[in-house]
Structure formats: C-alpha cells, structure tokens
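Report on the following structure.
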Amino acid sequence: MMPRLLLVWLLCVSAQVQAADQVVEPAVFRALNTAQEAQQKGDYAAARRALEGAKAREGSLEQALVWRSQAYLHWAQGQNAQAVELLGNAIASGKLDDELLANEQLNLARLNLAERRYGEVVRLLAPQQAKADEEQLQMLVQAYQGLGQPAKALPLAERYVQANPKAADSWLQFLVGMNAELKRYSAAERWQRQLLVRQADTPAAWRQLAALQQLAGEPDKALATLRTAYGKGVRFSESELDNLVLLASAAEQPWQGAKLLNGMFEQGVLARTPAREERLGLLWWQARERSAAARIYRALATRSGSSKHWLSLAQLELEQAHWQAGLDALAQAERAGADRGKVRSWRNWAESELSFEREKRLASRS
C-alpha cells in the first residue's frame, strides 16, 4: 500500500507545479502531470517512462522537479536508497522555493530515518529543533538513539512532555528507559511515577517502579512500592517478583537483592521455597554477609540432607575461621555423598588452621 504521505503528495503536487508553471517548460509540465496520474493509479512503469521522457535543462527548475517526482516514485515502490539520492539532488539544486524546500527536507529526513542514516536525520532536523513538532522531535530522538547519543535525545523528549502534559505514554516510557540506561535512576523514577498515575491498575507499572528503586540501591523503597500495590489490589505473578530479585544480581547488587527477597518473605508477598531460600543464601554470600548466608544454608542442609548444601555451609564456616563448625559440616557432606577429594582438600586446610590456632593458644598460656 502506498504510504499516506505519498498520497497526500499526489493530491497537492499538481497545485505546487501549477504555481510554478510560468517558468516550467510545457513539455516537462505535461510529463510531471502524466507521471502523477500514473503513479496515483499504481502504474509505476508508466510514471517512470513519463519522467524519463521529460527533457529538463541542466541546472533548471524543471530538472529539480523531475528529480523530486522520481524520488517519490522510488519511495512509493520501497526503493528508499534511490529516493534519498534523487530527493537530495532536488534539494541541493537550490531551485525549490522556501515552502517546498522545508517540506522536502522533512521528507528526506523521513527517508534517511527509514534507511537508518541517523547522522543525516540530525543534520536535516537539528538546526530547526527549537520549532520542531511532535513527529520531528520523535525522529530526532530516534536518530540520537541510533547514533548512541541518548543524552542528546533526552532533553528533546523532556521538552515535548513538559509542553504537552497529555503526551502519549510512549514518551514517558522512553524517558523512563533512557534515564535508566544512563543510570539516572531518580529521574527515571520521577517519570515512572507520572506513568503510574495513568496506569495505577497495571502490575507492570508498579513492578517497573520497584525495579528502578531496586537498581537505585533502595530495596526498602522497592518493597514499600510492592506493599502499596498490594494494598490497592494489584497482584503480581511469582515470576515477576522473582525477576525483581534476579535484576539485583544482574546489576551486581546482591545485598539489595537479599534485602528485597527477605522482605518479601517476611511480608508474605512471596512464598518461601527451597530454591528461593538457596537464592537468598547465595545473595547474602555474594554480599559477604557470611553469617546470614550460613544460617540459611544450615537450615537448608538440615532439611534436605544435600551434600551440596553441607559443602556450601562448610565453606561459609571456614571463610569465617569457624574451623570446628566447618569440619563438622564437611563430615556431614561426606556422609551425604560429597566428592571425597574435595572434602579431603577442605579438611586438610581446616585441620591445619585449627591446629595452628591451638598451638598459638598454648604458647600464649605458657
């Protein structure tokens, strides 16, 4: 289907050409009209023949108009690269009047965006960005994103949203996402709260707010957000809540993840399971809160009898220089079927350290 803007062009091109018919050669004028009519009917071959037959003088207005028409013909057929070249030629000719030039520059920006030529989009639109409308701002934002320059896209999006309080949710979502990508979590949270006003019954909006607070290193605020949502009747799936905890691990924030998961257990927001208990123990361990991790692994090992749990407990105890507790856990791991070579290696180290400590105590008494 022909793009809507091309249909609009076909309806207005005749009037634009007629406005310049005092300086356009009659033969070229007829060719342009014939091409327009054929293109409007979808007969692209006939339109191409009409334009190829137009005899336009080098450096003339006629040549610029033929290039322009050829560009739109290629665009209608999805041949964007050719359309970019021809429309660029028409603009560079210097023969188009100011009103027509502004329109063609905008269309050239659209074509370049479709071709992911983001630098060209910025070159065409940035000089006039102070007067840009919503579509132009959107194109500039996309172009800056494509260039890997989100910090330049953000002020444009903020300007639009501030000037248009009823801006589409997609603008707010962009501001949330880009600020989060730049690790400006407080700004991302501010925009997410505005989005939440519109989506108060949507679990995803609450979950996103909690995720931002978690990334900002504020697990208590994230838990409070989840409690508030529950109080409003919003419910989350267990996988959604699990993903919030996994987000902390991905962001290398194990302490925050452990705080959030433990809080969800205590508040009854998330059910305790052996897998989640093990995740909590691992998060405490990664956060170097070894005593908290050891308590969890001891309970897990006692319930499961798993050699894996007993070995983890042994390592945690030994890392805290709790040599006898570590040796006891190693004995349990061996009875549960743990690899004997691994157990022997840990035991030799623990026994040598325990022996050294005993010698030190004896020496200090004598």
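The values are calculated or read from the model by the stated rules, or taken from the named source; none is laboratory data. Just so it is clear, the structure is predicted and the values come from calculations on it, not from any experiment. Don't worry about glycine lacking a Cβ; one is built from the backbone with ideal geometry, like all the others, and counts go over all protein chains shown.
Can you run down the residue pairs with Cβ atoms below 8 Å, 6 or more apart or on separate chains, where the first is in segment 185-196 and within 15 Å of GLN162 (Cα to Cα) and in contact (Cβ under 8 Å) with a residue 24 or more places away in the chain and the partner is acidic (Asp, Glu) and surrounded by fewer than 15 Cβ atoms within 10 Å (Cβ to Cβ)?
LEU195/ASP169
List pairs: first in segment 215-235 and touching a residue at least 12 places away in the same chain (Cβ under 8 Å) and more than 19 Å from GLN253 (Cα to Cα), second surrounded by fewer than 20 Cβ atoms within 10 Å (Cβ to Cβ) and of a type in the set (Ser, Thr, Tyr), Cβ under 9 Å, 6+ apart or cross-chain?
From residues that are touching a residue at least 12 places away in the same chain (Cβ under 8 Å) and more than 19 Å from GLN253 (Cα to Cα), the pairs are VAL234/THR202; VAL234/THR228.
Can you pull out the residues in segment 228-248 that are more than 19 Å from ARG184 (Cα to Cα) and either buried (at least 16 other Cβ atoms within 10 Å of the Cβ) or under 20 Å from the mean Cα position of the chain (by Cα) (or both)? Let's see the steps before the verdict.
First pass over segment 228-248, keeping only residues more than 19 Å from ARG184 (Cα to Cα): 228-243, 245-246.
Within segment 228-248, ALA229, VAL234, PHE236, GLU240, LEU241, ASP242, ASN243, VAL245, LEU246 meet the criteria.
Output the residues belonging to segment 98-125 that are in contact (Cβ under 8 Å) with a residue 24 or more places away in the chain and within 24 Å of ALA50 (Cβ to Cβ).
Correct list: LEU100, GLU104, ASN107, LEU108, LEU111.
Have a look at VAL141, VAL161, VAL176 and point out the one that is under 18 Å from the mean Cα position of the chain (by Cα), β-branched (Val, Ile, Thr), under 30 Å from LEU196 (Cα atoms) and at pLDDT below 95.
Values: VAL161 fails: under 18 Å from the mean Cα position of the chain (by Cα); VAL176 fails: at pLDDT below 95.
Criteria check complete, one pass: VAL141.
Please identify the pairs in which a residue from segment 149-161 that is in contact (Cβ under 8 Å) with a residue 40 or more places away in the chain has its Cβ atom under 8 Å from the Cβ atom of a residue that is of a type outside the set (Phe, Trp, Tyr) and in a helix (DSSP H, G or I), counting only partners at least 6 apart or on another chain.
Taking only residues 6 or more apart or on different chains, not a single pair turns up.
One line per residue, one yes/no per condition, for (1) touching a helix residue (DSSP H, G or I) at 6+ places or on another chain (Cβ under 6 Å); (2) more than 30 Å from GLY263 (Cα to Cα):
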residue: GLU317; (1), (2): yes, no
residue: HIS322; (1), (2): no, no
residue: LEU327; (1), (2): yes, yes
residue: ARG344; (1), (2): no, yes
residue: ASN348; (1), (2): no, yes
residue: SER352; (1), (2): no, yes
residue: ALA363; (1), (2): no, yes
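Sort out which residues of segment 90-103 are in contact with a helix residue (DSSP H, G or I) (Cβ under 6 Å, 6 or more places away or on another chain), within 23 Å of ALA38 (Cα to Cα) and surrounded by fewer than 21 Cβ atoms within 10 Å (Cβ to Cβ), and write them in order of number.
The answer is none; no residue qualifies.
Given the condition of a type in the set (Ser, Thr, Tyr) and farther than 26 Å from SER186 by Cβ, answer yes or no: does some residue in segment 133-145 qualify?
Taking every residue of segment 133-145 in turn, none turns out to be of a type in the set (Ser, Thr, Tyr) and farther than 26 Å from SER186 by Cβ.
Please specify each residue of segment 296-353 satisfying the condition of being within 26 Å of ARG272 (Cβ to Cβ) and of a type in the set (Ser, Thr, Tyr).
TYR297, THR302, SER304, SER306, SER307, SER312
Please note which helices (runs of 4 or more DSSP H) are completely contained in segment 15-116 and include at least 2 residues that are within 26 Å of PRO127 (Cβ to Cβ) and of a type in the set (Phe, Trp, Tyr).
So the answer is 61-76.
Name every residue in segment 131-163 that is aromatic (Phe, Trp, Tyr) and closer than 19 Å to GLY119 by Cβ, in order of residue number. Break it down into steps so the answer makes sense when it comes.
From segment 131-163, those aromatic (Phe, Trp, Tyr) are 144, 160; that's our starting set.
The one that is aromatic (Phe, Trp, Tyr) and closer than 19 Å to GLY119 by Cβ: TYR144.
In segment 146-158, which residues are closer than 13 Å to TRP191 by Cα and surrounded by fewer than 18 Cβ atoms within 10 Å (Cβ to Cβ)? It would help to see each step written out before you state the result.
Of the residues in segment 146-158, the ones closer than 13 Å to TRP191 by Cα are 154, 157-158.
Result: GLU158, single match.
Of the residues that sit in segment 37-63 and are within 42 Å of the chain's Cα centre (by Cα) and either touching a residue at least 40 places away in the same chain (Cβ under 8 Å) or surrounded by 22 or more Cβ atoms within 10 Å (Cβ to Cβ) (or both), which one is nearest to LEU108 (Cα to Cα)?
GLN39
What's the number of the only condition in (1) surrounded by 16 or more Cβ atoms within 10 Å (Cβ to Cβ); (2) modelled with pLDDT under 65; (3) under 15 Å from HIS74 (Cα atoms) that VAL13 fails to meet?
Result: VAL13 passes all but (3).
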